[in-house]
Amino acid sequence: MTYWAEYDGVYFVEGDVPGARRQGPIDTKHDGWFSQSQLKSLDTLKAAIAAQVRSMGANAVVDFRYGQKNSFWRSLMSIDDVWWYASGIVATVDKSALQKL
């Protein structure tokens, strides 16, 4: 079973969608050295990705992967050391294909 969700008009699919028209990779993260990236959420990251996807004329991210990472070096300097990352493939998909997953 492939999990998918819609956020801000874009489908985020943790797997492949049959018939998806792939455009290219996307890789985004919240890791500003002097920002409070830990206070940002996955929804904040999805909003940034959704804006990029729509600007490319697409409606989905397939093979969507996300999580949090930390940095040993940043923690030594008392800088927020936890940040969100996400990646996948920008694509155009038919919602009826998603409902069959």
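Output the residues belonging to region 63-89 that are farther than 18 Å from Leu42 by Cβ and modelled with pLDDT of 70 or more.
Ile89
Of all residues being part of a loop (DSSP other than H, G, I, E, B) and at pLDDT below 90 in region 36-62, which is surrounded by the most Cβ atoms within 10 Å (Cβ to Cβ)? Just the residue, please. First the steps, then the outcome.
In the first step, residues of region 36-62 are kept if they are part of a loop (DSSP other than H, G, I, E, B); the result is 36, 40-41, 56-59.
Now drop any that are not at pLDDT below 90, which leaves 36, 40-41.
On the way: Gln36: 11, Lys40: 18, Ser41: 11.
The extreme case among them is Lys40.
Is there any pair with a first residue in region 37-62 that is closer than 10 Å to Val90 by Cα and a second that is at pLDDT below 90 whose Cβ atoms are under 6 Å apart and which are 6 or more apart or on different chains, and what are they?
From residues that are closer than 10 Å to Val90 by Cα, the pairs are Ile49/Thr28.
Tell me whether region 3-21 contains one or more residues that are at pLDDT below 90, out of contact with any Lys or Arg (no Cβ under 7 Å at 6 or more places or on another chain) and not charged (D, E, K, R).
Here is the first cut: in region 3-21, the ones at pLDDT below 90 are none.
No, there is no match, as no residue in region 3-21 is at pLDDT below 90, out of contact with any Lys or Arg (no Cβ under 7 Å at 6 or more places or on another chain) and not charged (D, E, K, R).
The values are calculated or read from the model by the stated rules, or taken from the named source; none is laboratory data. All values reported here derive from a predicted model rather than from experimental measurement. Don't worry about glycine lacking a Cβ; one is built from the backbone with ideal geometry, like all the others, and counts go over all protein chains shown.
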